[in-house]
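Beneath this line is the structure, given in structure tokens, with notes to follow.
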Amino acid sequence: MFDNSKQAQFLVSFVGTICYFVSEIVTPLVQIVLECAGVRITLLIGTIMISTGLVTSGFATTVWHLYISQGICYGVGISMIYLAIMTVIPQWFPQRCSTATAISLSSIGLAGLVIPIIMYTSNSKLGGSWTFWILGIVYFGANILSCALIKEKSKNELTKGITNTSSNATLVANKEGFPFDNKNKKEDAGSSISSLYNTSSVIGENKKTEEQLKLSKSIVKELLVDINFLTFTGAAFLQVLSRNVPFFFLPSYATFVGLNATQGTSLISIACAASFGGRIVVGVLADRIGNLYIGAIFSIITGLSSLVIWMFAYSYPMLVVLAIIIGFSFDTYYILMPPTLLQILGRQKYTTGLSVLMVLTSPAILGPSLISAVDGALDCEQFLPHKIFSGVLPILSSVIMLILRLRIKRQQKIEY
């Protein structure tokens, strides 16, 4: 589709960065769509945006076409689908939210195995344009099926669920060390129900929509002075900053140490396979032990894998071990972030808190580009800054998460 010059490859590399950045920065706008149109309509719009981005990428003749189609259009679609799904899951799984989130996101690991095979086969036989068109059709069909099957709980079901599980929620809160719903125990129950159900608002109910927007604005002001939320945001920022560094650069590093391109690409497939099982394990353990505890433990594992294994990995077997560990643990943040926020903020502030967090952490997506610039500026072994960067930051993030857990536990003891 484009020439193979270094300049062209450099410019194309920004497409993914733009996509990730847009997917997080537009979450406040996506939240408004959720509140006005509901989950199913939001999913439908997101499906159309993703498929449109992929199909129009097949017609791209310059790099800036890809910036618009796959960077902006595809990125907005991803954001709409992600936020909608993360809004529905807590409605159906209030007590096993981490496990449910992990299972729903584990499919990404399988996609990381299947999609590259489809792309490679299609690109080699049909060309780049047909590859984008085929992906657009496949994504449209799969997402339309999800739109048809997904279901929100009605207000009556949510009211019954909150009544029946209030005592269980208290036990979960005591085990986790979070205030969960207890902090807002004296608040009107209808307010909490409305916050979870706000995504089912009917288009045309202007007064209700205005009230929801005002509520969201007041929640944003509260979040920006909430120490617990800001502390978790700090840990999240470090996670996002370092998360993609090993995953993005393993194939390049494999070539750097003398391996062939096929071996380098296989490392990503191995990491994706490991992430499928790793996500589910993380979710199950988080529901049993606690989100912040498991988040901190797996962040330490991710950091040590870079500092201990990647630092001395100069052979294919060692890189395979690294890929397995990285794949098993590197996506812990995106699995546990929604249920952790739900526990820290409560039901009423959850959706707004999720969108605010994603906006605040969006600059951290530039982490891989930042460390590449640092690597080019320093006179040291190539990829050494990448190893240190992806090792130290997750460990620092885990320290912050443990401090936050102790802080919340201390607050709980004072309250009770």
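The values are calculated or read from the model by the stated rules, or taken from the named source; none is laboratory data. Being a predicted model, the structure only gives us computed values, none of them experimental. Methodologically, a virtual Cβ is constructed for each residue, glycine included, from the backbone with ideal geometry; neighbour enumeration extends over all protein chains shown. Protein only, heavy atoms only, side chains kept; ligands, DNA and RNA dropped before computing areas. Shrake-Rupley method; radii C 1.70, N 1.55, O 1.52, S 1.80 Å.
Miscellaneous remarks
- Candidate set: the stretch 112-127, residues that are within 14 Å of residue 276 (Cα to Cα) and in contact (Cβ under 8 Å) with a residue 40 or more places away in the chain; chosen: the one least open to solvent (accessible area, probe 1.4 Å): 112
- Condition broken by residue 137, with the remaining ones in (1) closer than 24 Å to residue 358 by Cα; (2) open to solvent by 40 Å² or more (accessible area, probe 1.4 Å); (3) touching a residue at least 60 places away in the same chain (Cβ under 8 Å) satisfied: (1)
- Of the set (1) modelled with pLDDT under 90; (2) open to solvent by 30 Å² or more (accessible area, probe 1.4 Å); (3) more than 21 Å from the chain's Cα centre (by Cα); (4) within 23 Å of residue 393 (Cβ to Cβ), all apply to residue 255 but (4).
- Within the stretch 16-63, the set of residues being among the β-branched types (Val, Ile, Thr), open to solvent by 60 Å² or more (accessible area, probe 1.4 Å) and assigned to a loop (DSSP other than H, G, I, E, B) comprises just one member, 61.
- So residue 223, is it modelled with pLDDT of 90 or more and not hydroxyl-bearing (Ser, Thr, Tyr): no
- Any hit, the stretch 232-242, residues being at pLDDT 85 or above, within 21 Å of residue 403 (Cα to Cα), open to solvent by 40 Å² or more (accessible area, probe 1.4 Å) and in a helix (DSSP H, G or I): yes
- Filtering the stretch 212-231 to residues that are open to solvent by 20 Å² or more (accessible area, probe 1.4 Å) and either under 24 Å from residue 410 (Cα atoms) or in contact with a strand residue (DSSP E or B) (Cβ under 8 Å, 6 or more places away or on another chain) (or both) leaves 222, 224, 225, 226, 227, 230, 231.
- Boolean, residue 328 is under 19 Å from the mean Cα position of the chain (by Cα), closer than 26 Å to residue 373 by Cα and at pLDDT below 90: no
- Enumerated helices (runs of 4 or more DSSP H) restricted to the stretch 298-416, each holding at least 1 residues that are free of Cβ contacts under 8 Å to residues at least 24 places away in the same chain, open to solvent by 60 Å² or more (accessible area, probe 1.4 Å) and not aliphatic (A, V, I, L, M): 316-329, 367-377, 384-415
- For the stretch 80-88, the criterion of being more than 13 Å from the chain's Cα centre (by Cα) and either within 21 Å of residue 47 (Cβ to Cβ) or in a helix (DSSP H, G or I) (or both) is met by at least one residue.
- Looking across the stretch 270-287 at every residue that is open to solvent by 40 Å² or more (accessible area, probe 1.4 Å) and not β-branched (Val, Ile, Thr), the one that is farthest from residue 388 (Cα to Cα) is identified as 285.
- Residue match in the stretch 89-99 (condition: under 24 Å from residue 48 (Cα atoms), assigned to a helix (DSSP H, G or I) and of a type in the set (A, V, I, L, M, F, W, C)): yes
- Residue within the stretch 64-76 that is over 21 Å from residue 331 (Cα atoms), open to solvent by 60 Å² or more (accessible area, probe 1.4 Å), modelled with pLDDT under 85 and not in a helix (DSSP H, G or I) present: no
- Only one of the listed residues (162, 144) is surrounded by 15 or more Cβ atoms within 10 Å (Cβ to Cβ), among the hydrophobic types (A, V, I, L, M, F, W, C), part of a helix (DSSP H, G or I) and at pLDDT 50 or above. That residue is 144.
- Residues satisfying the stated conditions in the stretch 77-110, i.e. open to solvent by less than 40 Å² (accessible area, probe 1.4 Å) and without any contact (Cβ under 8 Å) to a residue 40 or more places away in the chain: 77
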